[in-house]
Every structure is written in C-alpha cells, then in structure tokens.
Amino acid sequence: MDNRIRREIMPGVFLTYIPSERFKTCYMSISLLRPLEKGAAARNNLLPRVLDRGTAQLPDMEQIAARLDDLYGARLVPVVRKKGEVQCVGFASTFIDDRFVDDKELLEKVTELIGQMLLAPATVGGRFINEYVESEREKLIEDIRSVVNDKRRFCLNELVKAMCINEKFSISNMGTEPYAKLITGSRLFRHYAEIIGSSTIEIFYCGSAEIERVTDALEQALAPLPQGEKTPVHTINRGAPAKPKFLSSETDGKQSNLAIGLRNPVSIADVRYPAAALMNSVFGGSATSKLFMNVREKLSLCYYASSSYFKHKGIIIVSSGIEKDNYDKALDEILAQLKAMQNGEIEDWELESARQGMIGSLRATMDSPGMMEDFYLSRAIEGLDYDPDYLIRRLENVTKDEVIEMAQYTALDTVYFLKGMD
Amino acid sequence: MERQYFDRIGETLYSERLENGLSVFIVPKRGFSKAYAFFAVNYGAADTHYILDGQEHRVPDGIAHFLEHKMFDMERGNALQLLSELGAQPNAFTSTDITAYYFETTENFDESLKLLIEFVSTPYFTQESVDKEQGIIGQEIAMVENNPNWQVYMDLYRALYANHPVRVAVAGTQESIGEITADTLTRCHNTFYVPDNMVLCVVGDVVPENIADIVKECVHSGSRMSAECVYGPDEPEDVCERFVSGEREISMPLFMAGYKCKGAPGGWAAMKEELVADMAFQIVAGGSTKLYSDMYAEGIINDSFDWNWETCRGTAAMVFGGESRDPKKVVERVQAEAERIAAEGLDAELLRRLKKAAVGKSIRSYDSFEAICYAQATAYFKGADCFRLPELTEEITEEEVLEFIREKMVWDKLALSVIYPKKEEQDER
C-alpha cells in the first residue's frame, strides 16, 4: 500500500501526500473548508469560478488555457463540494508525470499556477474584474435554475429542502438565486479577503515526486497566504420527527420521481459507521440490494430504485423513477424492505454481496487518485485519519446483527413525490 | 502469444488470436487492486438489416440493446447477480455499432472472467423473461426520452441522415420492442455473437498466460462470421433537414449541430482521421481559442460546450453543442471562423500547443482501464490498435488540419437541432 504522509506545512494548511508510480498523471488539489451558510454558499461557489478566469500574470481564459496546453494538457478546474454542512472550496489539477515528457519541472509549474490562481487573481482597482464576476454569476444562476432539468436530482433536492428546512444541510452547494444575484465584484472580493486567511486548507498530492519536492513547490506557491485564526467547520445531525411528512408537486416529465428521506443517528464520525454504510448497501446501494432486486427486478415497478447514504449528515435517501399510479405500491414496497431488514430478514448472500461490493469499491478507491483525494478529504473534515485498508478491515468484521441494528435506527422523515404527466 | 512493448507510454500488450477466431488482448498493470475485463461484439443498434446465406433478414429496432439486457439470464441464474456475488461490478452497454459486457473487480478475477465468457456466449431466452423485460426496457425508453439531451441528439441525427439506421434510437421504441421474441433474439445471437466477430480485453495485475489459458478453456469452437450487414438505400451527401427544433421544460436552450462528412473507410486512416478531426475543431472553436473566450464572455456558450467526431457503419459527423442562449449565433460564429481559417490559414503556434496538449491527453488515457479496453476493442474492430495515440498525434500536420476544415466544415453540410425551453403560459397574454 502507498506510504501516505500527512503534514501541516503551514499553520492551518495540511498536506496529504501519497507517493505512487502507478499512474501516468499526478493529482493535486487544494480546498478551503467553510461552514455551509445561506448567505455565503453562493459566494463560496462562485469564488473559484471567478479565480479560474484569470490571474495577475495570465489575466484571461485564453492565456490560462494556453499555459495549460503548454504544460502538456494539464487540467485545472474549480471544485466546490458539499460534505455534510461543510463547503470545500478550491481547485483540482491533474498533469502528466514528468517521466513521460521532456519538461522535468511540470510539478513546480503547475503548483505555481495553482498558487497564483488562489492568491494572485486578476483584479482591477482592488476588486475582481466585473466582467468575470458578472458572467460567472449568470452561469451560476443558470446552474441553479437547471436543476429542474434533471428530474431525479430536482426531486432529491426538494426532499432535502423540506426535510432539513431548519438545518444548514438544506442549503444547496450552489446557494440560491436571490443570494447569487446580490454578488458584485467588490462584495465577492471582500468575501475572498475574509476567507482566504481564515480557512483551514486541505491539500492533496498523489504522484511520483518526493515529498520534499512537493512541499518546496507548495511553500513557494503559497508563501503569500495570509495568516489568521481558522473558522471551525462541523455538521449537526438530527433525529426523525414523530410524524413523517408527505409532500408532492407536479412536473411536465413523463415519468414520476419519488424521493424518501430517512434519518440514522450514525454518521461517518461515529465508530459504528462501517455497519451503517453496509446497511445502506444491503438496503439500496447496489445491483443486488433489496430495493433493486424487489422494487425493480421482481415487481418491475421502476427502472431505478436505489438509496444513498449521506454519511456526514446521517441521512439516507431513496431515489426511484416510477409511474404516477404506482406511488402507493412503490412507497409501500420500499418501506416494507426497510421493515424486513429491521425484523432481521437479511439473507447471508445479501449481506456478503453488499460487503464484497463495498470492499471492492474501497480497493478501487486506492487505484484512483481522485477517489483517494475525496476519501481523505471526507476524513480530514471529521478529524479522522485512516486509510481505505483500515475501513476494509472494519467492514470485514461487521456482523448481521450490527446491520440489523443500524436498520432499526433508521426512521422515516419525509417523502417527496414529483408527479409526472403519464 | 505475442508481446509488444510501447515505449512511449510504458505499457506492454499481450495478444493472441485463438483457434476459434476470438482475439484476446491483455495489458498487465502492476500494483493495482482492480482488474477489468471487457468482452465485446462488433454488433450494434444499426445492424438491423443483414444478408445471411443468400437470405435477407430484418430485425426490429432496439434488438441489439434488448439482447444485451437478456444475455444476463442464464439457466442457472442471473449473471449480474452471480458476478456481484463474486465481488465484481458488472455492466454492459449497446451503441450503434458495438455491444459490450464488462466488469471491474478486485477479487475472484478468474472466476468472474469465466462467468463473463460463459454468459455472453450462451443464449438463454424464455418468452416469459422476454415479456417481462419489455416492461423494464419500456421504462428505460421512457426515461431516456424524458431526457432533453437525448432528444436534441436524436433530432440532430434525424436531421443529418435520411436513411441510415444510425438515426434510430439505440433502444428502439415501445412499439418496435413489442415485436421482439425469444426466437429473434436467438437468431441474432447465433448470427453475430461469433468468436471472430468478438474481442476480449483484459487490463490489470494479471499474468497474461494464465488469462489466455482460462479463455481457451471456456470458449467453444465457434462458427465464422458470415452475415453481411446492409444499411439501407445510399445515404445522400446532403443533410436531410437544415434545422429542427422542439420544446421541453428546461431552463436554457440546448443545441447540437453536425457537419455531415465522408469518413475514412477504416484501419489506421480512421484512427488518424479521428485525431485530425478533434484537432481541427479545437483550432476553430476549442477552449484555447479566442472564439471560445469571446463566446463564453458573451454568455452564448458555457462549460457544457463540447464536440465529438462520430462514426458509425460508414457514416461520419463532426458534432458539437451544449447549452446556449443563442444556438444559431454560436453555429454561425463557428462556421465563420472555420471559413476564415480555410481562407487565411491557421495559427501555427496554437497548433503546436494544441498538439502538446493532445499528446498529454492521449498519455493520460492509458491510466483508465476502461478507456484502454474500449479503445482497443473499437480500434481492433476497425483493424488497428489504440497504443500509438501519442505518436499519431505528434505526426499531425498543418496541412491535414487545414484540409479537414476546408473540406468538412462546410455550411451546406451542417444541420442544427435545438430544444427550446417551454414558453410559460403567461407570455401569451
């Protein structure tokens, strides 16, 4: 297994370093950790998009693209992720490993570009270039509006908004249109100035360079980073209400979508996390899960039926595409599958198939720098420090009783039905 | 077994053509937990009309895809489930010209490989399971037809092609799949799923000789591919319709435009053409051009803007599109720039940089097991291999790129498909 090292290279700036010669590319990402807040979400989402438009040295997209082309097609993209009630704001980059090309300083050049993008953006009169802010803002608004195009995603979002109405988790990673509309070049720059020195930063590198070469490159690139006290981030979990809510709305799509929100007090920070994750996999997390085998295969009630475990928040959401008239049948069957698990009706093969599937996924994680990065970022946010191998060992030891117990902890919170035209 | 080392990308290819005609390609990847197996047939949605032993056969639209769904049924159980129990993540897809069954796994690779070969080689269909599948595929068709991205693409293809079956949806329609029986599925399997019409690719930390032994144990001696597919009356050179549009509940117009082209017949010429086509579009309107930044800044394109060289059974098209407030303007601007370059020549420095980026991109692709398998299978069916992309890219000349732009990016050969947002009722008042 790769010999990972985690090091604080500057106050509040952490590097997770994974040496590897297995890939043709190197991976580097940088994320500022911010609390998910109504007012700030859209600004946080917009910020890297605006930074991506130009640096002081390369003040427009064309010049940045030319530089990346010259670095053998290096890729550098803004990335904003929501993990529980934490927004991770930054960039990710992949670039060809030095050993395949003539340029032996690709690492240094890419790191320098990332540093400039973050710390030396293109500005005019002490704020971001209005044209960049306005055009990125319009695109963000379009992205917010376009959620409606994907009925499945739209249904899921409406569920979360309703279910977590008084919790930060209901805030979309993109913020809302009204807040986005308020963003101007100077407001965004003020926000940027506020957060750049007050955020814990997580950096990830996977590639064949020695750690000292990586830390040297980063220390140089991030030298201008302002120091300051770092804003803490966390996620708050809640239990299910005494009475579940049932909501619906209409859409012009032919198919209907059903989203069911369930609460489980066990999140990734909990020592019982492996059992909860395995329970979700048995329930609806794979092609051999109860939802897939019964609601989809046996009853042909839908083309897809699956469940996702939002592990930072302790929420499981079932997502299903159904015909309007099958609402009651599908809802009943889905809840019946959960009840069956709570009653201990889990076949050995169901458990083992789910276990092997999860273990396989974790092994595959170690084969992908991008997946490893996301794995380690999720852990870092919760103050956890273990590798996929550790989680595999834990999963190997989860018992059926523990899975049943996790199912028993799982309670219905809210149902959202998006009715189609059929 | 042949062994070839590709120095430029640091990969080794092991290949063997078995007695029964099946070709096997193995790329060892040391130190990885996962391994990938990809078993493909040179048969797709467009192959609905064929001649076998002097007789003409027509099968319903959507049958290749239907067949793909049903292949997982075996007498002793469902292969999807059995593979999952072995810890593999199986999947399959059908396109207009290829059907592929594959899995990724971190354990029990040999067992899973045997099962893959077994279930794909063995036709087992009952009328009951065919009837049930109609429900599931019917749902899939409804879900796909719900998708505006699919709609804009299909509309473009119908605008480009008058006759060629590439204009038909891969899954067919609710009506066409209703005509499929266990018998037609069996006949298609017997006709197309023959070893010399198939290919197996394996990528992972495997021992090539072991893999070859396993495959030889499992495969039966097979018949040779003898059916000949035909693709309708000759397709005219001109597009069928210049402009088509529709409406959906979306937030911004979606568009897809395509230049109808004559593609290279196959082999290395086709591999090269694909690289030249991509380079040509990039030099006209790719992310590194002034045209792109202007359109992006004006807000008429966004990050969804993309392009692809699409070929299928004798058809070829340069397709591009995405979300846009003003699709017609985007198309006009792209065309104007293509014409300007055709007349004035291209930016040699830009081409140099784009080639560097393309070399990087091609080297990158060898990190993806799935990409290697898919690229090798499709290259093999064309009569080439996928391991020389960096060199082929470096060989691209200014003349080749200009020739493509002049001959293929031509206004008269362009069709445009747009899906507009549904108008709100309020607008009528």
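At a glance:
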| read-out | value |
| --- | --- |
| Whichever residue in region A:310-331 is hydrophobic (A, V, I, L, M, F, W, C) and not in a strand (DSSP E or B) and, among such residues, is nearest to A:Tyr416 (Cα to Cα) | A:Leu331 |
| A:Gly321 open to solvent by less than 20 Å² (accessible area, probe 1.4 Å), within 11 Å of chain B (Cβ to nearest Cβ) and of a type outside the set (A, V, I, L, M) | yes |
| Answer residue from region B:278-291, given it is at the interface with chain A (Cβ under 9 Å from one of its Cβ atoms) and more than 17 Å from B:Gly321 (Cβ to Cβ) and is most open to solvent (accessible area, probe 1.4 Å) among those | B:Lys290 |
| Condition check for A:Pro78: on the phi < 0 side of the Ramachandran plot and either at pLDDT below 95 or in contact with a Lys or Arg (Cβ under 9 Å, 6 or more places away or on another chain) (or both) | yes |
| Residue within region A:2-10 that is among the aliphatic types (A, V, I, L, M), open to solvent by 20 Å² or more (accessible area, probe 1.4 Å) and in contact with a Lys or Arg (Cβ under 8 Å, 6 or more places away or on another chain) present | no |
| Test: residue in region B:131-151 that is more than 14 Å from chain A (Cβ to nearest Cβ) and crowded, with 19+ Cβ neighbours inside 10 Å | no |
| Residue satisfying all of: in region A:224-259; buried (at least 18 other Cβ atoms within 10 Å of the Cβ) and in contact with a Pro (Cβ under 9 Å, 6 or more places away or on another chain); farthest from B:Glu140 (Cα to Cα) among these | A:Val233 |
| Residue list for region A:146-164, filter: modelled with pLDDT of 95 or more and either within 9 Å of chain B (Cβ to nearest Cβ) or not in a helix (DSSP H, G or I) (or both) | A:Cys164 |
| Some residue of region B:108-123 being buried (at least 20 other Cβ atoms within 10 Å of the Cβ) and not in a helix (DSSP H, G or I) | no |
| Residues (in contact (Cβ under 8 Å) with a residue 60 or more places away in the chain and more than 9 Å from chain B (Cβ to nearest Cβ)) located in region A:285-306 | A:Gly285, A:Ser289, A:Lys290 |
| Filter result for the condition that a residue is on the phi > 0 side of the Ramachandran plot and in contact with a Lys or Arg (Cβ under 6 Å, 6 or more places away or on another chain), over A:Gly84, A:Gly126 | A:Gly84 |
| Candidate set: region A:28-86, residues that are over 26 Å from A:Val13 (Cα atoms) and small (Gly, Ala, Ser); chosen: the one farthest from the other protein chains (Cβ to nearest Cβ) | A:Ala66 |
| Top-ranked residue of region A:335-386 - restricted to ones that are hydroxyl-bearing (Ser, Thr, Tyr) and either within 19 Å of B:Glu104 (Cβ to Cβ) or crowded, with 22+ Cβ neighbours inside 10 Å (or both), ranked as farthest from the chain's Cα centre (by Cα) | A:Ser353 |
| Among (1) away from every other protein chain (no Cβ under 14 Å); (2) open to solvent by 50 Å² or more (accessible area, probe 1.4 Å), the one test that B:Asp294 misses | (1) |
| Residue list for region B:93-105, restricted to those being crowded, with 20+ Cβ neighbours inside 10 Å and either within 14 Å of another protein chain (Cβ to nearest Cβ) or assigned to a strand (DSSP E or B) (or both) | B:Thr94, B:Thr99, B:Ala100, B:Tyr101, B:Tyr102, B:Phe103, B:Glu104, B:Thr105 |
| Matching option when the condition is of a type in the set (A, V, I, L, M, F, W, C) and closer than 22 Å to A:Glu8 by Cα, among A:Ala407, A:Ala380 | A:Ala380 |
| Filter result (modelled with pLDDT of 95 or more, in contact with a strand residue (DSSP E or B) (Cβ under 8 Å, 6 or more places away or on another chain) and within 15 Å of A:Ala42 (Cβ to Cβ)) within region A:118-145 | A:Phe128 |
| Entirely in region B:3-91, the strands (runs of 3 or more DSSP E) that have 2 or more residues that are more than 14 Å from chain A (Cβ to nearest Cβ) and either in contact with a Pro (Cβ under 9 Å, 6 or more places away or on another chain) or surrounded by fewer than 23 Cβ atoms within 10 Å (Cβ to Cβ) (or both) | B:11-17, B:23-28, B:49-52, B:55-58 |
| Test: residue in region A:112-132 that is open to solvent by less than 30 Å² (accessible area, probe 1.4 Å) and charged (D, E, K, R) | no |
| Selection status of A:Thr399, open to solvent by 50 Å² or more (accessible area, probe 1.4 Å), out of contact with any Lys or Arg (no Cβ under 6 Å at 6 or more places or on another chain), away from chain B (no Cβ under 14 Å) and not aromatic (Phe, Trp, Tyr) | yes |
| Contacts under 7 angstrom Cβ, first residue in region A:199-221 being closer than 10 Å to A:Val13 by Cβ and touching a residue at least 60 places away in the same chain (Cβ under 8 Å), partner among the β-branched types (Val, Ile, Thr) and open to solvent by 10 Å² or more (accessible area, probe 1.4 Å), 6 or more apart | A:Ser199/A:Thr231; A:Leu218/A:Ile9; A:Glu219/A:Ile9 |
| Qualifying positions in region B:150-174 - part of a helix (DSSP H, G or I) and under 16 Å from the mean Cα position of the chain (by Cα) | B:Trp150, B:Tyr153, B:Met154, B:Tyr157, B:Pro165, B:Val166, B:Arg167 |
| Whichever residue in region A:42-76 is farther than 18 Å from A:Thr25 by Cβ and assigned to a loop (DSSP other than H, G, I, E, B) and, among such residues, is nearest to the chain's Cα centre (by Cα) | A:Asp52 |
| Count of residues meeting criterion [within 30 Å of A:Thr414 (Cα to Cα) and touching a residue at least 12 places away in the same chain (Cβ under 8 Å)] in region A:103-146 | 5 |
| B:Glu349 vs. criteria within 14 Å of another protein chain (Cβ to nearest Cβ), surrounded by fewer than 23 Cβ atoms within 10 Å (Cβ to Cβ) and under 30 Å from B:Ile26 (Cα atoms) | no |
| Failed item, numbered, when A:Lys104 is tested on (1) within 14 Å of chain B (Cβ to nearest Cβ); (2) outside any helix (DSSP H, G or I) | (1) |
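The values are calculated or read from the model by the stated rules, or taken from the named source; none is laboratory data. No experiment lies behind these values; they were computed from the predicted model shown. FYI the Cβ positions are ideal-geometry reconstructions off the backbone, even for glycines, and counts take in every protein chain you see. Heads up: the accessible areas ignore ligands, DNA and RNA and are worked out on the full protein's heavy atoms, side chains in. Shrake-Rupley method; radii C 1.70, N 1.55, O 1.52, S 1.80 Å.
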